[in-house]
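Here's the structure, in structure tokens; my notes come after.
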Amino acid sequence: MSAPLSFTLPDLCVLQFQGADAVSFLHAQVSNDLEHLAADQACIAAYCTAKGRSLATMVLWREQDETVFALVRRDLSEALIKRLRMFVLRSKVTISLSELQVYGVADSSPAQAVWSLRRDGTDTLIQAPGELNGLRRFWRVSPLQDAAAQASEGRWESADILAGLPWIGAATQDLFIPQTLNLDLIGGINFKKGCYPGQEVVARSHYRGTIKRRMMAARTAVLDTAPQVQEGSDVFLRSSTDTSAELAAAARIINQTWLAEQQRSYILMEVVLADLEQGQFQLEQGQALELQPLPYALPELSSSDGTN
């Protein structure tokens with residue numbers, strides 16, 4: 001049996017929404033339903049512009065003392081707080097960056113449903129999608145420092161990528177609609193709730209079936225050194241029939257990490273679905289990318305027997 005693992009996750013932080021209107025305010029801002037979110041559940045959601053472009057992905061949960069917490073990327077937290085405060089108006093809610101610490105934990109504890117939540121003293125434990133070394137993954141949000149936690153070195157982040165879990169960061173704000181991040185496939189969009197910024201665009205894409213891009217996972221071969229990969233940058237397509245053809249941008253990087261123990265880069269990228277059969281995806285520096293299976297089906301690629 002593998003030993004439990006605990007990782008520091010400095011790229012993540014927790015926003016706090018507190019006050020009598022915290023739930024109703026945030027419910028009206030994000031793509032998921034907070035008003036009916038149970039005390040033992042978290043959810044994933046997008047916060048969008050009026051044009052339906054994602055400004056953040058966040059994991060949300062409620063507390064009994066008129067508080068909602070949101071797990072987000074740290075590099076966009078300051079801008080996100082500033083923007084959300086613009087819409088508070090007369091709502092009774094304060095928005096701040098909490099001092100809570102975020103850890104990734106993998107152990108052999110009994111399986112819980114993804115996004116299920118439990119409390120252990122002052123800690124909040126949220127079941128994350130995917131596995132790491134065959135172990136269940138969950139986020140542990142704690143007011144205390146964990147001296148035993150170790151640097152991830154890409155292990156936790158690559159597990160996020162293989163689980164098909166997107167994190168919008170500062171470099172990728174305003175680039176992707178929630179469906180191209182596959183949020184509709186992992187319970188991140190409630191199509192029956194009321195209005196929120198971008199709701200019309202998101203609903204139109206859903207009901208008209210106009211999703212032409214989807215998020216997919218990929219990895220490089222084993223490399224001597226980590227490639228220079230930036231979130232928000234392009235992935236290119238080299239023709240399988242004409243290797244001398246000029247490279248064409250065919251995808252955009254959402255998340256990336258270098259997994260030190262495997263000497264590979266793992267990538268989530270938004271892909272033009274029509275390009276999937278056209279050739280080999282590669283990074284700008286020339287490293288070829290191998291597509292990796294996601295743990296959920298992409299409807300646009302599903303065959304009659306239900307497989308990708």
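The values are calculated or read from the model by the stated rules, or taken from the named source; none is laboratory data. Owing to the predicted nature of the structure, the values given are computational and were not obtained by experimental measurement. Here the Cβ is made from the backbone with ideal geometry for all residues, glycine too, and neighbour counts use every protein chain on show. Heavy atoms of the whole protein, side chains included, go into the accessibility calculation; ligands, DNA and RNA do not. Shrake-Rupley method; radii C 1.70, N 1.55, O 1.52, S 1.80 Å.
Which number in (1) touching a strand residue (DSSP E or B) at 6+ places or on another chain (Cβ under 6 Å); (2) at positive phi; (3) open to solvent by 40 Å² or more (accessible area, probe 1.4 Å); (4) not aromatic (Phe, Trp, Tyr) marks the one condition that ASN182 misses? Among (1) touching a strand residue (DSSP E or B) at 6+ places or on another chain (Cβ under 6 Å); (2) at positive phi; (3) open to solvent by 40 Å² or more (accessible area, probe 1.4 Å); (4) not aromatic (Phe, Trp, Tyr), the lone unmet condition for ASN182 is (3).
All told, ARG118 meets the bar of being at pLDDT 95 or above and more than 25 Å from VAL229 (Cβ to Cβ).
One line per residue, one yes/no per condition, for (1) in contact (Cβ under 8 Å) with a residue 12 or more places away in the chain; (2) more than 21 Å from ASP65 (Cβ to Cβ); (3) open to solvent by less than 20 Å² (accessible area, probe 1.4 Å); (4) part of a loop (DSSP other than H, G, I, E, B):
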residue	(1), (2), (3), (4)
SER91	yes, no, no, yes
ILE95	yes, no, yes, no
GLY104	yes, yes, yes, no
ALA111	yes, yes, no, yes
VAL114	yes, yes, no, yes
LEU117	yes, no, yes, no
ILE126	yes, no, yes, no
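Specify the residue that is nearest to LEU9 (Cα to Cα); the eligible residues are those in segment 156-170 that are open to solvent by 40 Å² or more (accessible area, probe 1.4 Å) and not small (Gly, Ala, Ser). Here the answer is GLU157.
State whether the residues of segment 166-183 include one that is in contact with a Cys (Cβ under 8 Å, 6 or more places away or on another chain), of a type in the set (A, V, I, L, M) and assigned to a loop (DSSP other than H, G, I, E, B). Yes, segment 166-183 contains a residue that is in contact with a Cys (Cβ under 8 Å, 6 or more places away or on another chain), of a type in the set (A, V, I, L, M) and assigned to a loop (DSSP other than H, G, I, E, B). Just so you know, in segment 200-222 the residues that are open to solvent by less than 40 Å² (accessible area, probe 1.4 Å) and at pLDDT 95 or above include one that is farthest from ASP33 (Cα to Cα), and it is THR220. Just to be sure, is PHE25 among the aromatic types (Phe, Trp, Tyr) and either open to solvent by 30 Å² or more (accessible area, probe 1.4 Å) or in contact with a helix residue (DSSP H, G or I) (Cβ under 7 Å, 6 or more places away or on another chain) (or both)? Answer is no for this residue. For segment 69-87, the set of residues classified as in contact (Cβ under 8 Å) with a residue 12 or more places away in the chain, open to solvent by 20 Å² or more (accessible area, probe 1.4 Å) and either farther than 28 Å from GLN145 by Cβ or not aromatic (Phe, Trp, Tyr) (or both) consists of ARG73, ARG74, ASP75, GLU78, ALA79, ARG83, PHE87, listed by residue number. Kindly indicate whether ALA38 is at negative phi, within 20 Å of the chain's Cα centre (by Cα) and small (Gly, Ala, Ser). No. Looking only at segment 33-55, decide whether some residue is in contact with a Leu (Cβ under 6 Å, 6 or more places away or on another chain), under 20 Å from GLY164 (Cα atoms) and either part of a loop (DSSP other than H, G, I, E, B) or free of Cβ contacts under 8 Å to residues at least 12 places away in the same chain (or both). Yes: one or more hits. Consider segment 128-147 and keep the residues that are more than 14 Å from SER109 (Cβ to Cβ) and part of a strand (DSSP E or B). The one that is most open to solvent (accessible area, probe 1.4 Å) is GLY130.
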